[in-house]
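Enquirer: Here you go, one structure.
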Amino acid sequence: VVMPPPRRQTSSPPARESRQPMPYEELAKLASSVVMLQVFDDQNQCYKTGSGVLINGSGYILTNFHVAAGGRYYGVLLEEETEVFYTNELIKYNQDLDLAILRMEKRRAPIPIYRGPEPLVRGQKVVAIGSPLGLFNTVSDGIISGFRTVGRRSMLQFTAPTSHGSSGGALLDVYGNLIGVITAGFDDGQNLNLAVDYQSILEFARGLL
């Protein structure tokens, strides 16, 4: 009996290849899902500010632990809103990963977290959105310049300019996916910035996405 030749398995191309990169003007519109955070103490004084990213449609805000730490309650500033929204709901945090999740009552469309299938690569373009020095939802661009491990954290090193207050903000790929949470920069260097990567975010936020 002559058997027919086996059928060739063909795989679908990765989803990323079937899409077109978003122009910067469209990526900048995702700032509507990035917030500025005011952190208040027991005397109702705002003593620091930072940034956060909405990660689901129920008002969950991803930020850095070092932004949320020590706060009695938080003010949330959203684009196209004149009202400041307040919350004292610190849902979850992990000091080792430097990540925290707050929840507010206001609803807003989330930014999707990158899930592959292709790994991130050095040299690919990124966009950062945050509130450096209190300048609400500043947008900048750059590239991934390296991959670092700091303690338990898998970090992306990137060149998009950031400053104090950018912490907790969004690092996006050109398809509008959240690939990192902006965490730190080196004051003695130029555009040497770090973000907690999407794999750590997915691990931390499991069950809330």
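Enquirer: Being within 19 Å of Asn64 (Cα to Cα), among the β-branched types (Val, Ile, Thr) and in a loop (DSSP other than H, G, I, E, B) is true for just one of Thr183, Thr162, Thr149. Which residue is that? Break it down stepwise before answering.
Expert: Values: Thr183 fails: in a loop (DSSP other than H, G, I, E, B); Thr149 fails: in a loop (DSSP other than H, G, I, E, B).
So the residue among Thr183, Thr162, Thr149 that is within 19 Å of Asn64 (Cα to Cα), among the β-branched types (Val, Ile, Thr) and in a loop (DSSP other than H, G, I, E, B) is Thr162.
Enquirer: Among the residues of region 66-83, is any part of a strand (DSSP E or B), open to solvent by less than 60 Å² (accessible area, probe 1.4 Å), over 19 Å from Gly134 (Cβ atoms) and modelled with pLDDT of 95 or more?
Expert: Pass one, region 66-83, residues part of a strand (DSSP E or B): 73-77.
Within this subset, residues satisfying the condition of being open to solvent by less than 60 Å² (accessible area, probe 1.4 Å) are 73-77.
Restricting the remaining residues to those that are over 19 Å from Gly134 (Cβ atoms) gives none.
The answer is no, given that none of the residues of region 66-83 is part of a strand (DSSP E or B), open to solvent by less than 60 Å² (accessible area, probe 1.4 Å), over 19 Å from Gly134 (Cβ atoms) and modelled with pLDDT of 95 or more.
Enquirer: Test each condition in (1) within 21 Å of Leu156 (Cβ to Cβ); (2) assigned to a strand (DSSP E or B) for Met36 and report the one that comes out false.
Expert: (1)
Enquirer: Determine whether region 52-62 contains at least one residue that is of a type in the set (Gly, Ala, Ser), buried (at least 21 other Cβ atoms within 10 Å of the Cβ) and assigned to a strand (DSSP E or B).
Expert: The first filter runs over region 52-62 and keeps only residues of a type in the set (Gly, Ala, Ser), leaving 52, 57-59.
Imposing the further condition that a residue be buried (at least 21 other Cβ atoms within 10 Å of the Cβ) reduces the set to 52.
Next cut, assigned to a strand (DSSP E or B) only: 52.
Yes, region 52-62 contains a residue that is of a type in the set (Gly, Ala, Ser), buried (at least 21 other Cβ atoms within 10 Å of the Cβ) and assigned to a strand (DSSP E or B).
Enquirer: Is it true that some residue in region 81-90 is under 26 Å from Val150 (Cα atoms), touching a strand residue (DSSP E or B) at 6+ places or on another chain (Cβ under 7 Å) and either in contact (Cβ under 8 Å) with a residue 24 or more places away in the chain or among the aromatic types (Phe, Trp, Tyr) (or both)?
Expert: no
The values are calculated or read from the model by the stated rules, or taken from the named source; none is laboratory data. Bear in mind the structure is a predicted one, so any value in this text is a computation, not a measurement. Methodologically, a virtual Cβ is constructed for each residue, glycine included, from the backbone with ideal geometry; neighbour enumeration extends over all protein chains shown. To get the accessible areas, we keep the full protein, side chains included, count just its heavy atoms, and leave off ligands, DNA and RNA. Shrake-Rupley method; radii C 1.70, N 1.55, O 1.52, S 1.80 Å.
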